[in-house]
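Every read-out reported here was derived from the displayed coordinates using simple, explicitly stated rules and does not represent laboratory data. Just so you know, these numbers come straight off a predicted model, no measurement behind them. Heads up, the Cβs are rebuilt from the backbone with ideal geometry, glycines too, and the neighbour counts pull from every protein chain shown.
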Amino acid sequence: MNTNWPHLECTGRKIGYARVSTFDQKLRIQLDALTSLPCDKIYTDHGVSGAKSARPGLNDMLKILKAGDTVVVLKLDRLGRSVLHLSDLLVRFQRNGIHFCSIAEAINTSTPGGKLVYHLFSAFAEFQRDIIIENTLAGMEAARRRGKHIGRPYSLLPQQIATAHVAIHQQGEAREKIAAQYGVNPVTLDRAFKRMELAK
């Protein structure tokens, strides 16, 4: 086990985040790395799968972050439950003036070279949503050609769903607020995300 974790220079607070998927796994290695930097505060999720949207530790951390802070993780996969979720979080950090550091991948967005990471993940998030919208529309069109009965039209169009997803996951808007803007229930919004595989 590597105990010689690098020293992280930054002007603001260092906020650590650690997660393991099952209660059998241990947070110790991640906590050792974050503590030795040292981090000013560490949030954890223990026994919470990366596939779960509700992560109390992550949600609590997001509430206290402010411009100039640096979010620190041991590995990239500890933060995001999917590449799209990770991309959305990093775009959100960039929008709010928050830096990001992943120790194992030697990513530090407070450095000139590290800033490129934000642009790459931002481009990926946009590309991924475009692909999802395109595949959804293609699937609907294919179903129509086969004469398949699709049922009652959905309340939201694919582009609206993707735009709502960006507002919530990149801009940090409340689900209830965005749902109200589209005249739907938050549950309807969640179902739409799941249907377009944006909830993963």
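Less than 5 angstrom separates the built amide H of residue 107 from those of 102, all sequence-distant by 5 or more or on a different chain. So which trypsin sites (Lys or Arg not before Pro) in region 87-160 pass both tests, a DSSP loop state and at most 11 other Cβ atoms within 10 Å of the Cβ? For trypsin sites (Lys or Arg not before Pro) across region 87-160 that sit outside H, G, I, E and B with at most 11 neighbouring Cβ atoms in 10 Å, the list reads 146, 148. Once you sort the root eigenvalues of the Cα gyration tensor of region 71-160 as a ≥ b ≥ c, which label holds: rounded (a/c under 1.5), prolate (a/b larger than b/c) or oblate (the other case)? In terms of gyration-tensor shape, prolate. Think of region 119-195 as having a plus end and a minus end, set by charges on the Cβ of Lys, Arg, Asp and Glu; of 188, 127, 143, 143 sits farthest toward the positive end of this dipole. Looking only at 31, 74, 156, which one moves most when the chain is put into a Gaussian network model with springs between Cα atoms under 10 Å? Fluctuation is largest for 156. Magnitude of the charge dipole for the chain, about its Cα centre and with charges confined to Cβ atoms of Lys, Arg (+1) and Asp, Glu (-1), is about 620 debye. Applied to region 168-183, the Karplus parametrisation 6.51 cos²θ - 1.76 cosθ + 1.60 on θ = phi - 60° returns per-residue 3J(HN,Hα) values of 7, 8, 9, 9, x, 6, 6, 3, 4, 5, 5, 4, 5, 4, 9, x Hz, with x for Gly and Pro.
For region 119-195, the alpha-carbon coordinates run over 40, 32, 15 Å along the three principal axes, in decreasing order.
Comparing 71, 166, 184 in a Gaussian network model of the chain where C-alpha atoms under 10 Å apart are linked, the largest mean-square fluctuation is found at 184. Using Stokes-Einstein with the Kirkwood hydrodynamic radius over Cα pairs, what translational diffusion coefficient do you get for the chain at 20 °C and a viscosity of 1.002 mPa s, in µm²/s rounded to a whole number? D = 117 µm²/s. Of 66/115; 26/115; 63/177, which ones are farther than 23 Å apart at the Cα? Checking Cα-Cα distances, 26/115 exceed 23 Å.
Here's how it looks for residue 43: its modeled amide H is under 5 Å from those of 16, 17, 18, which are all 5 or more places away or on a different chain. Only Lys, Arg, Asp and Glu carry charge here, each on its Cβ (+1 for the first two, -1 for the last two); on that basis region 80-167 has a dipole of about 420 debye about its Cα centre. For region 67-84, backbone phi angles converted through the Karplus equation (6.51, -1.76, 1.60; θ = phi - 60°) give residue-by-residue couplings of 3, x, 6, 10, 7, 10, 10, 6, 9, 3, 5, 6, 8, x, 7, 7, 5, 5 Hz, Gly and Pro being listed as x.
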